[in-house]
Number of protein chains: 2
Amino acid sequence: MPVSDLTTSAQDYLKLIWSATEWSSEPITIGAMAERLGVTPSTVSDGIRKLAKQGLVEHAPYRSIELTPTGREHAVTMVRRHRLLETFLVETLNYRWDEVHDEAEVLEHAVSDTLIDKIDTLLGHPTRDPHGDPIPAADGTPHRPAAGPLAATEPGTNVTITRISDANPDMLRYFAELGLKPDTRLTVLGQRPYADLTNIRIEENGHEIDLGSAAAEAIWVVAA
Amino acid sequence: MPVSDLTTSAQDYLKLIWSATEWSSEPITIGAMAERLGVTPSTVSDGIRKLAKQGLVEHAPYRSIELTPTGREHAVTMVRRHRLLETFLVETLNYRWDEVHDEAEVLEHAVSDTLIDKIDTLLGHPTRDPHGDPIPAADGTPHRPAAGPLAATEPGTNVTITRISDANPDMLRYFAELGLKPDTRLTVLGQRPYADLTNIRIEENGHEIDLGSAAAEAIWVVAA
DNA sequence: CATAAATGTTAGACTAGCCAAACAAACATG
DNA sequence: CATGTTTGTTTGGCTAGTCTAACATTTATG
Ligand SMILES: [Mn+2]
Ligand SMILES: [Mn+2]
Ligand SMILES: [Mn+2]
Ligand SMILES: [Mn+2]
């Protein structure tokens, strides 16, 4: 069964389950899915039950949610669509990197495999999206850079931004204003755990700023 | 209410009603809509009743279907989306003109106004789609070339193809093979009404061919 | 470790799209 | 112009997604 036979919401569910384990490895909860998708937990609970019946996820009531191999395949297809579309919107249509997420969230369900292939060809088989996230290859192989959240980086370290979570468009706009984007170089000046603040210097412009924990968790870095 | 608040099928209904009157002026029937959309008449009948309740069409049971001003506005928006997307797929993504209809049929419901504007700008505000159909301007003004179906053209006339109906992708592929596309020049050699055949010569390659009535109704021409 | 809080599930209701079957109206024609 | 055919409508039933409210299970904590 091709991914296009799944309903739009099934496609979003699978993509979200996969995305949750892309960087952490903690399986996602019903509640977190509901929060992220903007629906109630009962809706998600029911939706997951249906995916389990279709053999796309492993799930017993009140237990964890895991993708089956088939489910993972479809999830990766959707992630690939999403990230290629974001890249296309920035490269070809002059979108800013902080504007593309919502547009891609809808388009990903409407494009054909042919269109995705044409975009991939036109862009020269890109490997990272505008947020720095890896674009899975057509065969589904992911590549995970050795990165960690800015919030967990030792003070005094020089780092480069690898990726910025595209979950929150408002946050992306804020980062764009500050000059924070993939490949920006930073120095972590300090971590204040009780205040939940990370103090950084942006090497490009010398600005020193404090980021709250939501922001410092959304930005992933590697040692420069 | 923006057009994006309408359901996908409501968008298709309005677009189809408008398209039916673009060239003829005969209002479309429930049966013709059902046929064209691949659903049963009962489905369309019910759908039209709902559009009437929303003030988008004028329709009393068993009577004709007419767009209200609001309905027409939304319809033209959808036609514009469809034709700009088709043009974009051909110009930017190397689709052939006989491949784009089905892709646009789905994408038209997923794109934002912003995306349509960006495409329009990138393409330099095109006025005709790959099938020769006029692209309504953003303000909704249509422009209708003085064209008529090939089937109704006097034998002996030299003509240029203005548009080719994109309703049937198989037929488009057939035309593409023959070398028939918008702006192709033809001579009508004869009309055989009882056999429902139109005999033409394609000036580009000198080929003489017979077209059945479905084909000769789908091709619209102007005197050269 | 008993109980309260948090988390997840189920039941029932609503909307939307679709179909088949039964029905109603309009139209065509003898 | 009466009747039969064609066309359109209504009804009832199905799926899918969503919600709220009631309920069940798990987890945290005193
Ligand atoms: Mn989505
Ligand atoms: Mn992204
Ligand atoms: Mn459509
Ligand atoms: Mn077209």
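Values quoted throughout were computed directly from the atomic coordinates according to the rules given, and no laboratory measurement underlies them. Computed from a predicted model, the values in this text were never measured in an experiment. Here the Cβ is made from the backbone with ideal geometry for all residues, glycine too, and neighbour counts use every protein chain on show.
Here are a few things to note about the model shown:
- For chain A, a Gaussian network of Cα nodes joined below 10 Å ranks A:T40, A:T68, A:T160 by mean-square fluctuation, and the top entry is A:T40.
- Cα-based equivalent ellipsoid of the stretch A:148-223: semi-axis lengths in Å, sorted from largest, via gyration tensor: 16, 14, 12
- For chain A, complete DSSP H runs whose alpha carbons reach 27 Å or more along their own long axis and whose mean Kyte-Doolittle score is -0.5 or higher are A:69-93.
- Between copies, the label points of B:E66, set 7 Å from Cα on the Cα→Cβ line, lie 6.5 nm apart, reported in increasing order to one decimal in nanometres.
- Closest approach to the axis - chain B beta-carbon, rotation onto A, Å: B:A110, 2
- The chymotrypsin sites (Phe, Trp or Tyr not before Pro) found in the stretch A:1-87 that occupy coil by DSSP, while having at most 10 further C-beta atoms within 10 Å, are A:Y62.
- For the protein assembly as shown, the fraction of alpha-carbon pairs in successive 20 Å shells from zero, as %: 21, 45, 26, 7, 0
- Annotation: amide H-H contacts under 5 Å for A:V111 (H modelled 1.01 Å from N, sequence separation of 5 or more, or interchain): none.
- Dimensionless Rg/Rh of the stretch B:1-132 - Kirkwood Rh, Rg from C-alpha atoms: 0.98
- Taking a straight line from the alpha carbon of B:K181, these lysines sit under 30 Å away, with near neighbours fewer than eight places off in the same chain left out: A:K118, B:K15, B:K118.
- Listed residues A:T157, A:T21, A:T114, most fluctuating in chain A (Gaussian network, C-alpha, under 10 Å): A:T114
- Residues whose amide H falls under 5 Å from that of B:L189, counting only those 5 or more places apart or on a different chain, are B:G156, B:N199, B:I200, B:R201, with hydrogens built in the peptide plane.
- Mean sequence separation of contacting Cα pairs (under 8 Å, at least six apart), scaled by the length of chain A, corresponds to a relative contact order of 15 percent.
- The label-point distance for B:A60 and A:T160, in a model that sets each label 7 Å from Cα toward Cβ, rounds to 7.3 nm.
- Contact order, relative form, for the stretch A:148-223: 42 percent (alpha carbon pairs under 8 Å, 6 or more residues apart, mean separation divided by residue count).
- Qualifying chymotrypsin sites (Phe, Trp or Tyr not before Pro) for the stretch A:136-224 [loop in DSSP, other Cβ within 10 Å: at most 14]: A:Y194
- For the stretch B:46-91, trypsin sites (Lys or Arg not before Pro) are listed when DSSP marks them as loop and at most 14 other Cβ atoms sit within 10 Å of their Cβ; the list is B:R63.
- Rounded to the nearest Hz, the phi-derived 3J(HN,Hα) couplings of the stretch A:192-209 under the Karplus curve 6.51 cos²θ - 1.76 cosθ + 1.60 (θ = phi - 60°) are 10, x, 6, 7, 6, 10, 10, 9, 10, 10, 8, 5, 4, 10, x, 5, 10, 9, where x marks glycine and proline.
- Ellipticity estimate at 222 nm from DSSP helix runs (n ≥ 4, -39,500 (n - 2.57)) divided over chain A, nearest 500: -13500 deg cm²/dmol
- A straight line joining the Cα centroids of the stretch A:12-49 and the stretch B:28-45 runs 39 Å.
- Distance distribution note for chain B: the fraction of Cα pairs above 30 angstrom is 28%.
- The stretch A:99-163 and the stretch B:187-215 have Cα centres separated by 53 Å.
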